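Student: Before I ask anything, let me first share the structure, which is written out below as structure tokens.
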Amino acid sequence: MNNFTTLQKQSNAEWNTLSNSEEIIIYIGMGSCGKAAGADKIKKVVLDSAKKYNVSIKLIEVGCIGTCYLEPLMDISAFGNPRISFGNVSEKMAEIIFRKYIIEKEDYSKRSLGFFGEKAFNGLSNFFEQPMLKHQVRIVTKNCGLIDPENIKHYIANEGYTGLEKALKKSPNEIIDEITYAGIRGRGGAGFPTGIKWRTCRDTKSDEKYLICNADEGDPGAFMNRLLIESDPHALLEGILIAAYAIGATQAYIYIRAEYPLAIRRLEHALRQMKEYGFLGQNILGSEFSLDIKIKEGAGAFVCGEETALIHSIEGKRGMPRTRPPFPAVSGLNGKPTIINNVETLGTIPHILRNGPKWYRQFGVDGNFGTKTFSLVGKIRRSGLIEVPLGTSLRKIIYDIGGGTLKPFKAVQTGGPSGGCIPKELLDIPVTYESLAKAGSIMGSGGLVVLDQDTCMVDVARYFLDFAQKESCGKCTPCRVGTRHIVEILEKICRGQAEPDFLDKLESLANLVKSTSLCGLGQTAPNPVLSTLRYFRQEYIQHIDEHFCPALVCSSLIEYTVIKEKCTGCQKCVSVCPTGAITGPRSEPHNLDVDKCIKCRACYEICRFDAIAGNAIVITSSKEA
Amino acid sequence: MEQLDISYDKILHAYPREEGSLIPLLQKAQSINRYISLEIVEVVADYLGMTESQVYGVASFYSQFRFTEPGKHSISVCLGTACHVNGGETLLDTFERELDIKPGECTADKKFDLNRVACLGCCALAPVVKVDDDIYSQVNIIKLKEIWSSYE
């Protein structure tokens with residue numbers, strides 16, 4: 001029996017003690033978002049309660065299962081019963097759950113969201129039967145939220161490193177053939193077939209080759225990579241080992257954003273464990289294959305998501321892209337053949353090795369095989385991270401999985417600053433690289449931001465172009481100067497200072513930047529403008545001709561008013577107004593001085609949430625001829 | 001620079017003398033000194049055999065590096081897409097007005113510095129504000145005052 005088999009046995013034994021255990025085990029979702037939602041406080045309540053009642057518990061900090069709208073999540077398995085999960089747990093609730101379920105042994109499981117595992121329990125439904133989860137196909141996110149990301153044995157007990165074990169018994173060429181047949185395409189957004197990329201690198205002769213994992217998840221509104229690394233770091237690391245073996249690399253780098261401190265800590269911890277168990281360093285699992293993996297922290301530059309810019313950044317230079325060819329697969333880091341793959345791509349590789357390319361091809365549609373993770377956020381009921389087969393319709397994602405919007409749906413923004421806005425008429429298109437491109441957007445890394453009637457499309461375009469302009473590295477003129485001019489035009493439209501020919505100017509400038517920029521950043525930066533012009537042109541015209549912002553967002557085009565009949569004079573708004581624009585004695589309708597009003601929304605919000613009357617302050621935008 | 005003076009050599013020599021060490025070295029220096037001072041630029045340039053302008057050229061390219069002393073607490077307002085459509089910009093405006101500083105600046109009493117960040121990746125909880133290492137979710141203008149008044 002070799003070392004790996006022994007380790008697997010130990011891991012399975014440890015994992016099996018967790019399910020249906022007599023011991024009290026409490027799992028808390030401690031990803032960055034879980035912590036932001038208050039998971040640290042829940043942890044404290046649990047530890048305090050255990051002390052107070054003098055019971056021994058095992059607390060396991062897990063990652064995130066992706067149902068962010070249910071954060072913080074707390075799972076309990078005890079008394080030989082399956083693990084059950086409680087959602088939106090407040091400190092008070094955590095205290096009550098602990099007391100009732102664990103101490104008083106009350107039948108409190110009915111309040112839970114469901115159970116995990118195979119064994120039915122107490123008439124509860126399976127956690128994965130929830131509307132947000134039941135339409136998903138979880139491959140790369142399979143372990144997220146379920147295992148302890150800091151315990152390599154949990155990963156191994158869930159088929160971890162079996163993909164690597166299989167890979168090491170094959171030749172690199174066989175692996176590349178399998179990956180090519182599986183048809184997986186780059187999940188970073190561009191969708192280039194991974195197998196073909198690897199083949200190019202494999203076939204290039206060199207004394208040294210590199211593998212770089214691009215974890216510089218820069219798209220605002222996207223957090224797929226963060227969640228995967230925080231929740232299941234070994235999935236990525238196993239993928240890196242297989243990829244490095246296939247292309248013949250002896251050094252791998254993970255280029256990760258410094259804004260993800262927890263993900264970095266998890267990776268560092270996982271790397272130490274890998275060394276300890278022989279998954280890293282010389283002669284991995286007793287084979288001829290050796291690899292070292294280094295973490296490189298990004299220093300905050302969106303353009304470093306572009307592969308040649310990323311390479312420059314690792315080399316210690318300004319992160320500016322260069323023209324291609326030569327492609328990095330031929331000449332990359334330090335002039336050596338280099339493969340750069342996205343986190344999700346690499347995280348999927350072990351599954352393909354484990355189950356075979358045929359298995360992988362059953363998911364998705366022709367030319368777009370497999371699953372894709374998306375961060376479903378914005379004006380949506382159930383936000384979070386999801387994984388669906390490619391080819392799933394946007395409607396299914398937004399309505400069946402996300403539960404739709406509270407206010408009328410307007411558009412969905414895909415692909416981050418390089419993508420576009422897709423209107424409701426196109427919600428039935430399948431999500432594939434080609435169909436999204438045809439609709440004027442891109443797949444991108446997987447951000448899906450849902451927009452409703454309260455979102456101004458001109459403002460959204462301005463927001464993205466402002467982002468692209470700030471992040472432009474300045475190397476080529478179309479991107480450096482062009483994006484600046486586009487932002488200026490959009491700002492004037494939002495301020496009601498546009499001239500009639502602005503739309504033509506905007507369109508021609510956007511097309512110019514798109515066709516003449518050096519790298520992907522500039523070539524795709526105009527997409528938010530072009531797609532909103534294509535589907536929401538009327539909204540631009542209303543801004544220009546009527547100085548009217550239908551979503552009531554553009555501050556120069558809106559006004560705040562107090563409705564005298566509704567105002568009870570509770571003075572809440574008076575107390576929050578920073579400029580003294582609202583005045584009036586208690587119990588009498590207040591006055592709002594429009595000249596002093598800076599449209600900060602403070603009065604509007606306090607009137608809706610805190611005030612006695614509610615909704616006495618309104619925002620309007622009046623049409624001008 | 002006092003803290004850095006103590007173990008200059010020790011810090012520097014943990015990194016090989018090559019161009020690729022530049023960014024990790026600057027990151028280390030900033031994590032100790034909280035910002036990149038002129039002296040750090042000089043020392044790093046000298047160690048790596050580069051000119052000061054080359055070092056500054058790289059450092060100023062990346063938004064992580066700051067060249068002025070930060071406040072006691074760092075406030076970062078997330079302006080990712082989800083935060084933007086949920087009112088992130090209004091939060092930034094409010095901080096600017098109430099603290100009377102612009103992003104990248106520090107209050108006169110050195111208590112707070114204010115920053116805009118592109119995305120903290122907590123999009124499902126938007127809008128999000130980060131103070132030092134604490135992330136606050138679903139923030140509105142009314143919650144904001146409570147947040148900064150809770151910091152000494």
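Student: Answer yes if at least one residue in the range A:460-475 is over 23 Å from A:GLY319 (Cβ atoms) and more than 14 Å from every other protein chain (Cβ to nearest Cβ), and no otherwise.
Tutor: Looking for residues that are over 23 Å from A:GLY319 (Cβ atoms) and more than 14 Å from every other protein chain (Cβ to nearest Cβ), one finds none in the range A:460-475, hence no.
For every residue, the table says whether it meets (1) in a loop (DSSP other than H, G, I, E, B); (2) at pLDDT 95 or above; (3) within 27 Å of A:GLY191 (Cα to Cα).
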site: A:ALA244; (1), (2), (3): no, yes, yes
site: A:ALA263; (1), (2), (3): no, yes, yes
site: A:HIS269; (1), (2), (3): no, yes, no
site: A:MET274; (1), (2), (3): no, yes, no
site: A:ALA299; (1), (2), (3): yes, no, yes
site: A:THR308; (1), (2), (3): no, yes, yes
site: A:SER313; (1), (2), (3): no, yes, yes
site: A:ARG324; (1), (2), (3): yes, no, yes
site: A:ALA329; (1), (2), (3): yes, yes, yes
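Student: Right, here's the next one. Report yes if some residue within the range A:196-203 is under 24 Å from the mean Cα position of the chain (by Cα), more than 14 Å from chain B (Cβ to nearest Cβ) and not β-branched (Val, Ile, Thr); otherwise report no.
Tutor: Checked the range A:196-203: no residue is under 24 Å from the mean Cα position of the chain (by Cα), more than 14 Å from chain B (Cβ to nearest Cβ) and not β-branched (Val, Ile, Thr).
Student: Could you say which residue among A:LEU291, A:LEU237, A:LEU262, A:LEU271 is within 14 Å of another protein chain (Cβ to nearest Cβ) and either of a type in the set (A, V, I, L, M, F, W, C) or within 21 Å of A:GLY31 (Cα to Cα) (or both)?
Tutor: The conditions single out A:LEU262.
Student: Of all the residues that make up the range B:70-86, how many are more than 12 Å from chain A (Cβ to nearest Cβ) and of a type in the set (S, T, N, Q)?
Tutor: Summing the residues that are more than 12 Å from chain A (Cβ to nearest Cβ) and of a type in the set (S, T, N, Q) in the range B:70-86 gives 1.
Student: Taking the stated definitions as given, is A:VAL576 more than 14 Å from chain B (Cβ to nearest Cβ), of a type in the set (A, V, I, L, M) and either closer than 30 Å to A:GLU491 by Cβ or within 34 Å of the chain's Cα centre (by Cα) (or both)?
Tutor: Judged against the criteria, A:VAL576 is not a match.
Student: Suppose we filter the range A:223-254 for residues that are farther than 18 Å from A:ARG138 by Cβ and among the small types (Gly, Ala, Ser); how many remain?
Tutor: The qualifying residues number 6.
Student: Taking A:ASP207 as meeting all but one of (1) touching a His at 6+ places or on another chain (Cβ under 9 Å); (2) farther than 29 Å from A:ALA437 by Cβ, write down the number of the exception.
Tutor: In the conditions (1) touching a His at 6+ places or on another chain (Cβ under 9 Å); (2) farther than 29 Å from A:ALA437 by Cβ, A:ASP207 misses (1) alone.
Student: A further question follows. Looking only at residues that are within 20 Å of A:LEU236 (Cβ to Cβ) and within 9 Å of another protein chain (Cβ to nearest Cβ) in the range A:294-312, which one is surrounded by the most Cβ atoms within 10 Å (Cβ to Cβ)?
Tutor: Within the range A:294-312, the match that is surrounded by the most Cβ atoms within 10 Å (Cβ to Cβ) is A:CYS304.
Student: Let me ask something else about it. Here is a check on your reading of the model: is A:SER313 in contact (Cβ under 8 Å) with a residue 40 or more places away in the chain and either in contact with an Asp or Glu (Cβ under 8 Å, 6 or more places away or on another chain) or assigned by TED's automatic domain parsing to the domain that holds A:CYS201 (or both)?
Tutor: Yes, satisfied.
Student: Just checking, which of A:ALA167, A:ALA182 is modelled with pLDDT of 95 or more and under 27 Å from the mean Cα position of the chain (by Cα)?
Tutor: Answer to the check: A:ALA182.
Student: In the range B:98-152, which residues are at the interface with chain A (Cβ under 9 Å from one of its Cβ atoms) and basic (Lys, Arg)?
Tutor: Residues satisfying the conditions are B:LYS130, B:LYS145.
Student: Looking only at the range B:26-69, count every residue that is more than 9 Å from chain A (Cβ to nearest Cβ), surrounded by 17 or more Cβ atoms within 10 Å (Cβ to Cβ) and closer than 19 Å to A:ILE295 by Cβ and tell me the total.
Tutor: Qualifying residue count for the region: 3.
Student: Quickly run through the range A:507-522 and pick out the residues that are part of a helix (DSSP H, G or I) and crowded, with 23+ Cβ neighbours inside 10 Å.
Tutor: Across the range A:507-522, the qualifying residues are A:ALA510, A:VAL513, A:LEU521, A:GLY522.
Student: Taking the range A:123-135 as the search range and keeping residues that are part of a loop (DSSP other than H, G, I, E, B) and without any contact (Cβ under 8 Å) to a residue 40 or more places away in the chain, which one is surrounded by the most Cβ atoms within 10 Å (Cβ to Cβ)?
Tutor: Among residues in the range A:123-135 that are part of a loop (DSSP other than H, G, I, E, B) and without any contact (Cβ under 8 Å) to a residue 40 or more places away in the chain, the one surrounded by the most Cβ atoms within 10 Å (Cβ to Cβ) is A:SER125.
Student: Does the range B:83-106 contain at least one residue that is farther than 16 Å from A:TYR463 by Cβ, among the basic types (Lys, Arg) and touching a Ser or Thr at 6+ places or on another chain (Cβ under 7 Å)?
Tutor: No: the range B:83-106 contains no residue that is farther than 16 Å from A:TYR463 by Cβ, among the basic types (Lys, Arg) and touching a Ser or Thr at 6+ places or on another chain (Cβ under 7 Å).
Student: Still on this structure, I have one more. Can you find even one residue in the range A:89-112 that is in contact with a His (Cβ under 6 Å, 6 or more places away or on another chain) and of a type outside the set (Asp, Glu)?
Tutor: Taking every residue of the range A:89-112 in turn, none turns out to be in contact with a His (Cβ under 6 Å, 6 or more places away or on another chain) and of a type outside the set (Asp, Glu).
Student: Then there's this: I need the strands (runs of 3 or more DSSP E) fully contained in the range A:333-410, keeping only those with at least 3 residues that are farther than 15 Å from A:ARG138 by Cα, modelled with pLDDT of 95 or more and over 20 Å from the mean Cα position of the chain (by Cα).
Tutor: Ranges flagged: none.
Student: If you don't mind, there's one more thing I want to ask. Would you please list the contacts, defined by Cβ atoms under 9 Å and residues six or more apart or on different chains, that run from a residue in the range A:86-112 that is at negative phi to a residue that is charged (D, E, K, R) and not in a helix (DSSP H, G or I)?
Tutor: A:PHE86/A:ASP75; A:GLY87/A:GLU71; A:VAL89/A:GLU71; A:ARG99/A:GLU106; A:LYS100/A:GLU106; A:LYS100/A:ASP107; A:TYR101/A:ASP107; A:SER112/A:ASP75
Student: Go through A:LYS438, A:LYS470, A:LYS475 for me and flag whichever is over 28 Å from A:THR373 (Cβ atoms) and not β-branched (Val, Ile, Thr).
Tutor: The unique qualifying residue is A:LYS475.
Student: Give me the pairs: first residue in the range B:93-114 and over 20 Å from A:SER555 (Cβ atoms), second residue among the hydroxyl-bearing types (Ser, Thr, Tyr) and surrounded by fewer than 15 Cβ atoms within 10 Å (Cβ to Cβ), beta-carbon distance under 9 Å, and six or more apart or on different chains, which are they?
Tutor: Here the result reads B:GLY104/B:THR68; B:GLU105/B:THR68; B:CYS106/B:THR68; B:LYS111/B:TYR151; B:PHE112/B:TYR151; B:ASP113/B:THR68, each pair linking the range B:93-114 to a residue that is among the hydroxyl-bearing types (Ser, Thr, Tyr) and surrounded by fewer than 15 Cβ atoms within 10 Å (Cβ to Cβ).
Student: Still on this model: So A:ARG226 ticks every box in (1) over 30 Å from A:GLU471 (Cα atoms); (2) of a type in the set (Lys, Arg); (3) crowded, with 24+ Cβ neighbours inside 10 Å but one. Which box is left unticked?
Tutor: Going through (1) over 30 Å from A:GLU471 (Cα atoms); (2) of a type in the set (Lys, Arg); (3) crowded, with 24+ Cβ neighbours inside 10 Å one by one, A:ARG226 breaks only (1).
Student: Still on this structure: Kindly indicate which of A:THR579, A:THR532, A:THR561 is of a type in the set (Ser, Thr, Tyr), at pLDDT 90 or above and surrounded by fewer than 14 Cβ atoms within 10 Å (Cβ to Cβ).
Tutor: Sole residue among the options that is of a type in the set (Ser, Thr, Tyr), at pLDDT 90 or above and surrounded by fewer than 14 Cβ atoms within 10 Å (Cβ to Cβ): A:THR561.
Student: Please enumerate the residues belonging to the range A:425-452 that are among the charged types (D, E, K, R) and either within 11 Å of chain B (Cβ to nearest Cβ) or in contact with a Pro (Cβ under 9 Å, 6 or more places away or on another chain) (or both).
Tutor: A:ASP452
Student: Between A:PRO500, A:PRO478, A:PRO550, which is surrounded by fewer than 16 Cβ atoms within 10 Å (Cβ to Cβ), more than 13 Å from every other protein chain (Cβ to nearest Cβ) and out of contact with any His (no Cβ under 7 Å at 6 or more places or on another chain)?
Tutor: Matching residue, one of A:PRO500, A:PRO478, A:PRO550: A:PRO500.
Student: Go through the range A:582-596 and report how many residues are surrounded by fewer than 18 Cβ atoms within 10 Å (Cβ to Cβ), of a type outside the set (Asp, Glu) and touching a residue at least 12 places away in the same chain (Cβ under 8 Å).
Tutor: Looking only at that region, the number is 8.
Student: Moving to a separate point now. Got at least one residue in the range A:211-224 being assigned to a loop (DSSP other than H, G, I, E, B), out of contact with any strand residue (DSSP E or B) (no Cβ under 9 Å at 6 or more places or on another chain) and within 14 Å of chain B (Cβ to nearest Cβ)?
Tutor: Yes: the range A:211-224 contains one or more residues that are assigned to a loop (DSSP other than H, G, I, E, B), out of contact with any strand residue (DSSP E or B) (no Cβ under 9 Å at 6 or more places or on another chain) and within 14 Å of chain B (Cβ to nearest Cβ).
The values are calculated or read from the model by the stated rules, or taken from the named source; none is laboratory data. Quantities reported herein were computed from a predicted structural model and do not represent experimental measurements. Reconstructed Cβ throughout: ideal geometry from the backbone, glycine too, with neighbour counts over all protein chains shown.
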